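The values are calculated or read from the model by the stated rules, or taken from the named source; none is laboratory data. Quick caveat: nothing in here was measured; it's all calculated off a predicted structure. Cβ placement follows ideal geometry from the backbone for every residue including glycine, while neighbour counts extend to all protein chains displayed. Just so you know, the surface numbers come from the protein's heavy atoms only, side chains and all, with ligands and any DNA or RNA stripped out. Shrake-Rupley method; radii C 1.70, N 1.55, O 1.52, S 1.80 Å.
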Amino acid sequence: MADNRNRSGHVLVWEQADMASDEGILPTKRFGTRHYTVFMLFLGMANAYVMRTNMSVAIVAMVNQTAIEKDSEVFDDECPDTDYGDDTHDSGQDGEFIWSTSMQGYILSSFFYGYVITQIPFGLLAKRYGAMRFLGWGMLLNSVFAFVVPVAARQGGAGWLIAVRFIQGLGEGPIVPCTHAMLAKWIPPNERSRVGSIVYSGAQFGTVISMPLSGLLADHGFDGGWPSIFYVFGIIGTVWSIAFLLTCYEDPVSHPRIREDEKKYIQQSLWGNASVHIPPIPWMSIAKSMPFYAILLAHLGQNYGYETLMTELPTYMKQVLRFSIKTNGVLSALPYLAMWLFSIVVGWVADWMLTSGRFNHTWTRKISNSIGQYGPAIALIVASFTGCSRALTVAILTIGVGLNGGIYAGFKINHLDITPRYAGVLMAFTNCSANLAGLLAPIAAGNIIEGKPTIAQWRIVFVIAACVYLFTATFYNVFASGARQFWDDPENDEPQKPSIEAPAMHSEVNGSNVGSNGTTVATLTHRNVNEQSS
């Protein structure tokens, strides 16, 4: 340990501990500050997905369906007609705007262009300046501009509406990389699976809440119905953003009211991460890291497959099976509900696997991710051979999307394992790339089935998505790791020059804390530079 005593007035003494068996540093079992932070991040993720999906419901009520010239939609005649699940009753809705189908597509996609282009910039900024304020202020911008949506549409038309939705997307850009960066600072390693699953399952929770409530507001809301969707959710998002900015903090060290035992537990389990100097991003090491590429490909495959599951299967059931799942609010929300519940269950099981000592982080991530990606792949293949069975197709859709929840305890939280200090940056890169890959799913499907939406052509769409899932999940299983990488190891940081204040930094030297199992736990202590040299 002598080599560590010449690091800019810092003594770093650590070995990764088995937190499950180190009872000496566990805080009292009650609702703590980190749990409140997790709860707020969960609500933030739910709000983000509400803002992302509410336009798809609102635009149905906004557009005058009887005044626009509809393209003749091609249906397959392999399956018999049905007298339920027909969308024709929606065609009589007379909204305020006459927007073509292509214009509606531009409006719906404008949000995502703003969302994608801010991923990497905010990931880098969060690493340099902290994540909490970017997340809070970004969501506040998103929420405030929700109030502008009705005004922009009515006063400025589609052009202004597209601009406002683009700005909302810009504001939501920080949500994923900044959430990841905060989880890296707040959550001990053996709690990451369940906490990550809870936080990111807020996406499905938000969707489950948004779809039926948006439909209800569109039919019975104030100011003409559809504007109330943006007013109501804008108020909710604004309240959350202000509460988050006022009550949440960047890390345990900066929180003024956290209990001392909880702060010690978090810091020690993260190897003193909150107090360690974070050096420049090791780009070359990351570029050569196979565990990073395993996460990246898994993320790419997830978004491509998920978009196929959630956007193309309903179209398949409408064009081929003559049954639209979107006409039934319960059925349309059921896959999201299944994924939300299953992801939480898998998260708890994954953390039990770690604390039991039977599995390490690497195997836990691979097993969870295999469920989350092989499951939907099998569901897609089976769905392509179900023929004209409507009930079976709906069941497969629900099961496939439900099993997909395993990814939250798999690759989705794996960034925090391999690099706690740069998790937000890596998530920004993988999430940006994955969202771009997700845009390819409807494009590919559209080209394959254009003019001939037969069961055979749709089978090609499903098998391609399944193969993407299978390949990326297998690549992840071969190259993924749950171990902290050498390029994020504080022991390998370049020595820093002592700061001017370093000689004045005195504190009691605690040495290493040894748990009940004899394992040395990460601590960070400060010594006078002169004492170190002696």
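Assorted remarks:
- Qualifying helices (runs of 4 or more DSSP H) (wholly inside region 177-253; at least 3 residues being open to solvent by 20 Å² or more (accessible area, probe 1.4 Å)): 202-220, 226-247
- Within region 406-430, residues that are over 20 Å from residue 486 (Cβ atoms) have Cβ atoms under 6 Å from residues that are of a type in the set (D, E, K, R) and buried (at least 24 other Cβ atoms within 10 Å of the Cβ) in these pairs: 410/365; 413/192, counting only partners at least 6 apart in sequence or on another chain.
- Checking residue 165 against (1) open to solvent by 30 Å² or more (accessible area, probe 1.4 Å); (2) assigned to a helix (DSSP H, G or I), the condition it does not meet: (1)
- Of all residues in region 385-407, those satisfying the criterion of being open to solvent by 10 Å² or more (accessible area, probe 1.4 Å) and either within 14 Å of residue 362 (Cα to Cα) or part of a helix (DSSP H, G or I) (or both) are 390, 391, 392, 394, 395, 396, 398, 399, 403.
- Given (1) in a loop (DSSP other than H, G, I, E, B); (2) without any contact (Cβ under 8 Å) to a residue 12 or more places away in the chain; (3) aromatic (Phe, Trp, Tyr), index of the condition residue 352 fails: (1)
- All positions within region 259-276 that are assigned to a helix (DSSP H, G or I), in contact with a His (Cβ under 9 Å, 6 or more places away or on another chain) and at pLDDT 50 or above: 263
- Matching residues in region 113-162 - criterion: being touching a Gly at 6+ places or on another chain (Cβ under 6 Å), at pLDDT 90 or above and within 30 Å of residue 98 (Cα to Cα): 141, 142, 143, 146, 147
- Of all residues in region 277-297, those being open to solvent by less than 20 Å² (accessible area, probe 1.4 Å), modelled with pLDDT of 90 or more and in a loop (DSSP other than H, G, I, E, B) number 1.
- Test: residue in region 468-483 that is crowded, with 18+ Cβ neighbours inside 10 Å and either over 21 Å from residue 372 (Cα atoms) or modelled with pLDDT under 90 (or both): yes
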